[in-house]
Amino acid sequence: MTLTQSSLEDVFIIEPTLFIDERGYFFESYNKDVFKKLTGLKPKFVQDNQSFSKHGIIRGIHYQKPPNDQTKLVRVIQGEVQDVIVDLRHNSASYGKHISIIVSAENKKQIFIPSGFGHGFAILSDSAIFAYKVNQYHSPESDTGIKWDDPDLAIDWKLNADRIIVSKKDNNLPSLKEYYKQPSF
């Protein structure tokens, strides 16, 4: 397993070691001891989530407010997504900045997203199955986010604008400026 620090402090890109033979491949998608050795971190994941989405869907940018804020380890089981992470930590030098990473079943990349970051993804393939581990249970009263098309974030979602599908909830999330007035982290 290799681990790369992204341009956002504490967000890591993980690439597993593949064992390939004539039958196919095998890899460890998560190993607590190896993860701790590489990062010094010991997240205690309590829930695994999985979603299926069709091309053009954007989910996010989501996060849970403290005390139910979540750390995530995300990956794609089938298809290809554009994964976007936004730094929402007010005391961070990269507050309001984002990164965009292509994650797919083919490249098998995973992203470790600690608490304090918003997270969203867009489906680039015909469909995708997205899976992630979290260290806190889902809390509807803590569930919120930042508007996916906030002009201050200026995220290039790599989709044709006329093909984007977003939930009503995600379309009604606050902007980054509105979030700044009521910070969570």
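Meeting the requirement of 2 or more residues that are of a type in the set (S, T, N, Q) and touching a residue at least 24 places away in the same chain (Cβ under 8 Å), the strands (runs of 3 or more DSSP E) wholly within segment 1-94 are 47-54.
Just one of the numbered conditions (1) of a type outside the set (A, V, I, L, M); (2) surrounded by fewer than 18 Cβ atoms within 10 Å (Cβ to Cβ); (3) in contact (Cβ under 8 Å) with a residue 40 or more places away in the chain is not true of Glu106: (3).
Restricted to segment 19-32, and to residues that are under 17 Å from Ile111 (Cα atoms) and either aromatic (Phe, Trp, Tyr) or open to solvent by 70 Å² or more (accessible area, probe 1.4 Å) (or both), which residue is nearest to the chain's Cα centre (by Cα)? Selected residue: Tyr30.
If you go through segment 162-183 and keep only what is open to solvent by 90 Å² or more (accessible area, probe 1.4 Å) and without any contact (Cβ under 8 Å) to a residue 60 or more places away in the chain, you end up with Asp162, Lys168, Lys169, Asn172, Lys177, Glu178, Lys181, Gln182.
Name the single residue that is nearest to the chain's Cα centre (by Cα) among those in segment 150-185 being part of a helix (DSSP H, G or I) and acidic (Asp, Glu). So the residue we want is Asp170. For the criterion of being buried (at least 20 other Cβ atoms within 10 Å of the Cβ), out of contact with any Pro (no Cβ under 9 Å at 6 or more places or on another chain), within 29 Å of Lys181 (Cα to Cα) and of a type in the set (A, V, I, L, M), Val84 passes. Selection of segment 101-130 for residues being assigned to a loop (DSSP other than H, G, I, E, B), under 13 Å from the mean Cα position of the chain (by Cα) and not small (Gly, Ala, Ser) yields Lys109, Pro114. Output the residues belonging to segment 33-60 that are surrounded by 12 or more Cβ atoms within 10 Å (Cβ to Cβ), closer than 19 Å to Glu80 by Cα and out of contact with any helix residue (DSSP H, G or I) (no Cβ under 8 Å at 6 or more places or on another chain). Asn49, Ser51, Phe52, Ser53, Lys54, Ile57, listed by residue number.
The values are calculated or read from the model by the stated rules, or taken from the named source; none is laboratory data. Keep in mind that what you see is a predicted model, and the values were worked out from it rather than measured. Every residue, glycine among them, receives a Cβ derived from its backbone with ideal geometry; neighbour counts consider all protein chains shown. Keep in mind that these areas ignore ligands, DNA and RNA; they rest on the heavy atoms of the full protein, side chains included. Shrake-Rupley method; radii C 1.70, N 1.55, O 1.52, S 1.80 Å.
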